[in-house]
1. Could you check the spin-label model distance between Phe77 and Asp167? Points 7 Å from the Cα along Cα→Cβ, value in nm.
2. Give me, ordered by chain and number, the residues 5 or more places off Tyr247 or on other chains with an amide H under 5 Å from its own placed amide H.
3. Of the options Leu227, Asn121, Pro161, report the single residue whose Cα projects farthest towards the positive end of the charge dipole of the chain (beta-carbon charges: Lys, Arg +1; Asp, Glu -1).
4. Can you tell me, using C-alpha contacts under 8 Å and at least 6 residues apart, the relative contact order of the chain as a whole percent?
5. Remind me, relative contact order of region 52-167 in percent, using alpha carbon pairs under 8 angstrom and six or more residues apart?
6. If you project the alpha carbons of region 118-188 onto the principal axes, what extent comes out on each, in Å, largest first?
7. Divide by every residue of the chain the summed helix terms, -39500 (n - 2.57) for each DSSP H run of at least 4, and state the resulting mean residue ellipticity at 222 nm, rounded to the nearest 500 deg cm²/dmol.
8. Can you list the lysines whose alpha carbon is less than 21 Å from that of Lys32, not counting same-chain residues fewer than 8 positions off?
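What follows draws every value from the coordinates through simple rules; no lab data is involved. Values in this document were obtained by computation on a predicted structure and should not be read as measured data. Note that each Cβ is placed from the backbone with ideal geometry, even for glycine, and that neighbours are counted across all protein chains shown.
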Amino acid sequence: MTVQDSLAQPPAPPAAEAALEAHEVTVTFEGKGRDGSRQTVTACDAVSLSLAPAEIVALVGESGSGKTTLARALGLFQDIDSGQIRLSGRPVRGRGKDSVRPRDYYGEVQMIFQDPFASLNQLKTIRHIIGRAVRIHSGLRGRRAVEERTLELLETVHLTPAEDYIDRYPSALSGGQRQRISIARALAVDPTVILADEPTSMLDVSIRIDVLNLLSELRREKGVAILYITHDIASARYISDRMAVMYKGTMVEFGETEQVVLSPQHDYTRTLIAAAPDPGRRTRRRRRRGDSPLSA
Ligand SMILES: Nc1ncnc2c1ncn2[C@@H]1O[C@H](COP(=O)(O)OP(=O)(O)OP(=O)(O)O)[C@@H](O)[C@H]1O
Ligand SMILES: [Mg+2]
């Protein structure tokens with residue numbers, strides 16, 4: 001079944017306040033078991049998630065729990081078996097008058113991937129990569145106008161002076177700089193939502209914080225809603241308003257970030273949080289023991 005088929009189901013009442021919403025989305029994959037028999041993997045099992053305008057939601061969970069599948073479904077890169085995706089309360093890909101067409105959808109919802117090297121065309125310059133997105137989505141045509149917008153986007157992601165970067169190839173950039181190019185390309189369409197699937201996990205620890213701060217700034221200054229997928233609870237806590245936890249294809253927890261971290265309801269979330277390094281916890285323990293927080 002596909003996204004279209006799912007519309008046969010009665011639509012649930014729209015949540016008008018959500019910028020983007022997954023409503024009971026199920027995605028299955030057919031595979032072969034070790035004995036060659038057919039096996040169905042339910043990567044997402046009736047998963048619901050919403051993003052309010054200008055909200056950052058962190059999506060965490062162990063490897064294989066279905067995070068990327070959900071993000072790909074939300075980005076329309078993945079057909080769904082059942083359920084519904086809604087943009088500002090409007091169903092996606094329906095035949096109804098109020099449904100959003102995929103072309104308009106991609107102008108609102110953009111994805112950033114884990115590996116900026118693989119997601120950028122290595123044979124093209126930054127001018128071409130970002131300029132193309134600008135032309136397709138903004139309606140700007142003239143060479144000068146497109147160049148100006150491209151330079152502006154490079155400045156937004158703090159690649160400055162932008163003139164030094166515009167004619168480079170992705171291979172002549174560091175990992176962190178390449179991820180900024182991916183973000184600039186996503187911003188070229190002036191999206192309301194960015195789906196960021198482990199955007200910092202391939203970056204050096206020292207530059208992760210810069211990319212996180214950039215995402216935070218985009219939300220603050222441009223009102224972009226962001227789904228931030230990560231294995232790193234500390235960064236999820238640092239950046240997000242709400243936190244969603246997936247476990248084996250189901251959403252086991254979804255609430256205010258501090259609430260989820262400080263009083264997790266599900267066993268899996270408790271394990272996840274207990275396993276995460278928490279510098280504050282070490283400091284608190286030392287303080288209780290009367291040690292200096294700086295002692296080893
Ligand atoms: N194209 C596919 N074909 C078959 N099975 C798939 C496919 N994509 C994902 N799966 C399966 O769906 C499940 C969820 O995978 P998914 O990539 O969504 O997990 P994830 O939470 O993003 O994991 P990770 O943290 O490792 O990135 C896994 O069991 C995976 O093997
Ligand atoms: Mg993944």
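1. That separation, rounded to one decimal, is 3.2 nm.
2. HN-HN under 5 Å from Tyr247: Val252.
3. The listed residue farthest towards the positive side: Pro161.
4. Details: 553 pairs, mean separation 67.6, N = 296.
So the answer I get is 23 percent.
5. Numbers: 73 pairs, mean separation 14.6, N = 116.
Contact order relative to length: 13 percent.
6. 30, 23, 18
7. Using -39500 (n - 2.57) per qualifying helix, the result is -11000 deg cm²/dmol.
8. Of all the lysines, those that pass the test against Lys32 - Cα under 21 Å, at least 8 places apart if same chain - are Lys248.
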